[in-house]
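A.B. asks: Please read through the structure below; I'll follow up with questions.
The values are calculated or read from the model by the stated rules, or taken from the named source; none is laboratory data. Computed from a prediction, not measured in an experiment: that's the story for all the values here. Neighbour counts are summed over all protein chains in view; Cβ atoms, including those assigned to glycine, are modelled from backbone coordinates with ideal geometry. Quick note on the areas: whole protein, heavy atoms, side chains included, nothing else; ligands and nucleic acids left out. Shrake-Rupley method; radii C 1.70, N 1.55, O 1.52, S 1.80 Å.
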Amino acid sequence: MGEICYSCFGKNFTNAKPYLLTVGLQFGFAGAYIFSVASLNHGMNRYVFVVYRNAIAALALAPFALIFERKIRPKITLPVFLQITALGFVEPVIDQGFTFLGMQYTSASFASAIMNAVPSVTFVLAVILRLERVNVKEVRSLAKVIGTLVTFSGALLMTLYKGPLIKLFYTPNATHHQDGSHSPEVVKHWVSGTLFLLLGCVAWSSFFILQSITLKRYPAEFSLSSLVCLSGALQASVVALVATRHSGLGAWALGWNFRLYGPLYTGIVTSGITYYAQGLVLQTRGPVFLTAFNPLCMIITCALGSFLFADQLHLGSIIGAIIIALGLYSVVWGKGKDYSDPMPSSPTSITKQMETQQLPITSSHI
């Protein structure tokens, strides 16, 4: 009887494992937004943050690459080296740089909502590069096109319309934040921040495309991720040294506060633990299942951001986030049909391979 119960428990746990891991991933991603904002609020330079975060990520991933991929790691050729350099520039330097800047101008909650547009942006880039086939006569292609347009509409709404302030939690700082929320300077920063976040979306989507191409030549995920993080840290160091040349060594100082906790969390957790957990989910359930939980990260981040930092949540942001989530699910549904029911005449071998290899080195990318 005990063996039967143990067997049933093991089977139920196995079935529930992808769900538990995916929900845990969303909490990990939300924590990355919260820790990043906390570090920036404690005066940490965003360029320096990118350097520390990727250096820590490279160190965290290197042991796994050395242990598990020492026999399968291919040699680095010149084209692979150039692609790794480009990946380090597109994701850690461009994407994280613009995302942190946009987050400073808006909020962690707003940034997590905007980043739901990444799957749709990736789809557009894949179509432009002919990695994705579109046939408006097919329902799944139509769903992806409509979902992409709906996602962009939601992002546009969040950019142009703020609406009344929505208070999730009462905090002493809420009134202070609200006082100048409609001033021209604040509105200008909000629009600029949104544009920076959208640039981050394009960079992250470009990273997905280039990563899928690089993995075909260098099929060692841990090694590639560690090298990309190292490349990004070196390139970001150049940018940070130029940006902080008048600030002295104080800009690079760490302490026993969020100036240390932020890079440690995003480097180890977001680029290490969540990377591995994301790989487990992708192997068992695929990218469609994993992407479908993205709006949960937005909800968690909004709640934590409002409670911890008195983040402003406006009606326009909530409506826009809902529209983005609906567009996301439309794109995911269309991709799910490609994944489960490929057409012989479509280049699904390329698309399917690109999907299964979408293991971003930064997971939540911020």
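A.B. asks: I'd like the full set of residues that are closer than 30 Å to GLY250 by Cα and free of Cβ contacts under 8 Å to residues at least 60 places away in the same chain, limited to region 20-58.
C.D. replies: ARG46
A.B. asks: To continue, here is another question. From the list THR291, THR362, THR270, THR274, pick out the single residue that is at negative phi, modelled with pLDDT of 80 or more and under 15 Å from the mean Cα position of the chain (by Cα).
C.D. replies: THR270
A.B. asks: Among the numbered conditions (1) modelled with pLDDT under 85; (2) open to solvent by 50 Å² or more (accessible area, probe 1.4 Å), tell me where ARG217 comes up short.
C.D. replies: All conditions are met except number (1).
A.B. asks: Hey, can you tell me all the residues within region 225-248 that are without any contact (Cβ under 8 Å) to a residue 60 or more places away in the chain and more than 14 Å from VAL51 (Cα to Cα)?
C.D. replies: The answer is ARG245, HIS246, GLY248.
A.B. asks: If ASN135 passes every condition in (1) touching a Pro at 6+ places or on another chain (Cβ under 9 Å); (2) of a type in the set (S, T, N, Q); (3) surrounded by fewer than 19 Cβ atoms within 10 Å (Cβ to Cβ) but one, which one does it miss?
C.D. replies: Checking ASN135 against (1) touching a Pro at 6+ places or on another chain (Cβ under 9 Å); (2) of a type in the set (S, T, N, Q); (3) surrounded by fewer than 19 Cβ atoms within 10 Å (Cβ to Cβ), the one that fails is (1).
A.B. asks: How many of the residues in region 222-258 are under 24 Å from LEU66 (Cα atoms) and open to solvent by 70 Å² or more (accessible area, probe 1.4 Å)?
C.D. replies: 2
A.B. asks: Look at region 133-172 and say how many of its residues are within 25 Å of SER192 (Cβ to Cβ), of a type in the set (A, V, I, L, M) and modelled with pLDDT of 85 or more.
C.D. replies: Of the residues in that region, 2 qualify.
A.B. asks: Give me the residue from region 57-80 that is under 24 Å from the mean Cα position of the chain (by Cα) and open to solvent by 90 Å² or more (accessible area, probe 1.4 Å) and, out of that set, nearest to TYR33 (Cα to Cα).
C.D. replies: LEU59
A.B. asks: I'd like to check something: does region 93-106 contain any residue that is small (Gly, Ala, Ser) and open to solvent by less than 20 Å² (accessible area, probe 1.4 Å)?
C.D. replies: yes
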